[in-house]
1. Hey, what D do you get for region 12-299 in µm²/s if you plug the Kirkwood alpha-carbon radius into Stokes-Einstein at 10 °C and 1.306 mPa s?
2. Compute for region 158-229: radius of gyration divided by Kirkwood radius, i.e. Rg/Rh, restricted to C-alpha atoms, rounded to two decimals.
3. Can you list the residues, at least 5 places off or on another chain, whose amide H is less than 5 Å from the amide H of V206, using H built in the peptide plane?
4. Quick one: angle between helix 222-232 and the longest Cα principal axis of the chain, in degrees between 0 and 90, rounded to 10, please.
5. Extension gain K47-Q282, at 0.36 nm per residue separation less the Cα-Cα distance, in nm?
6. Residues of region 32-53 with amide nitrogen under 14 Å from the 7 Å Cα-to-Cβ point of N196?
7. Rank-order 75-81, 276-282, 44-50, 163-169 by packing density, defined as the average count of other C-beta atoms within 10 Å over each peptide's residues, highest first.
8. Before anything else, pin down the relative contact order of region 1-119: Cα pairs under 8 Å, at least 6 apart, normalised by residue count, whole percent.
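Just so it is clear, none of the values below were taken in a lab; they were calculated from the coordinates. Since we're looking at a predicted model, the values are computed, not measured. As a convention, Cβ positions derive from the backbone with ideal geometry for all residues, glycine included, and neighbour counts pool all protein chains shown.
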Amino acid sequence: MEQTKHEDHPMESYLRMDRIPHIWCPTCGIGTTVSCFISALKKYQQKSLEKVVVVSGIGCTGRVAGYIKLDSFHTTHGRAIPFATGLKLANPDLKVVVFSGDGDLIAIGGNHFIHAARRNMDITVICINNFIYAMTGGQVAPTTPLTAWASTSPHGNYEQPFSLPLLAASCGAVYVARWTALHIRRMSNAFLEALNKPGFSFVEVVTPCSTLYGRRNRLGTGLDLMRFYHDNSEIRHGADVRDLDIDFQKKIIVGKFIDRERPTFVDNMNRRLKEKYGDKYQWYGPQPQGQPIPAKVEAKAV
């Protein structure tokens, strides 16, 4: 009997197949998000993939760096963004992507997050938000909705959570979007836009954690959570970022909220040192093409 010819999976060349199967639980949304990221990479034309770098921290999402077949770095807890900042400053020609979870990026890594956004570091940050510390036992995270149960909130959470789009926008991010693991095409398009956007771009992805968050809160399976996203997500592009709180099992506003222009950290450094030293100063990194570097923030319609 003739053997069927082996056909490579369309994403196989982007994954470290020697590390597959992955460790993520069934119905976890991280794998879906990685698939959308790979779809965006296929369309990304700005740089060769040899110049695309993925940095992750600690946690379930931190495993992404180990599965993506790019130059990738698995850093210590909360330090993905400063590590990415160092990579970008050492080699401005790189496209640096931070791919990590809400606990890693916003809790222990929160200080780095706000200052990277303030400086407008030219990095793309993808944040998986499953509302809980999943890998370490299901503790309350900075995004856990009020009244939701976690291992450290047996009576329901009473800490006010962050609204991640509001946090990113108020600190200076030039691109801010939120989608759920259900919105695969829109999520992939958002990743591509974020990759092509100079400056600090941020995409929040609300994903199911059926093993800990879903089970503790008796929300059913991962499929049940996806049905909830289908029935309760409202697409509202350009929404006021002050109105994007996520309440427990209530409506989730998704869309692209911020798309604006600001000079990046390296742009500002080059401009200032050029003013100071004139022709003695050699421009660091790729020079901006076409339009001059904007001197102030200018909002752009979305």
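1. 82 µm²/s
2. We get a ratio of 1.05 for region 158-229.
3. The answer is N129, W179, T180, A181.
4. 70 degrees
5. Answer, rounded to one decimal: 82.3 nm.
6. Residues 40-47 qualify, since their backbone N sits under 14 Å from the label point.
7. 163-169, 75-81, 44-50, 276-282
8. 24 percent
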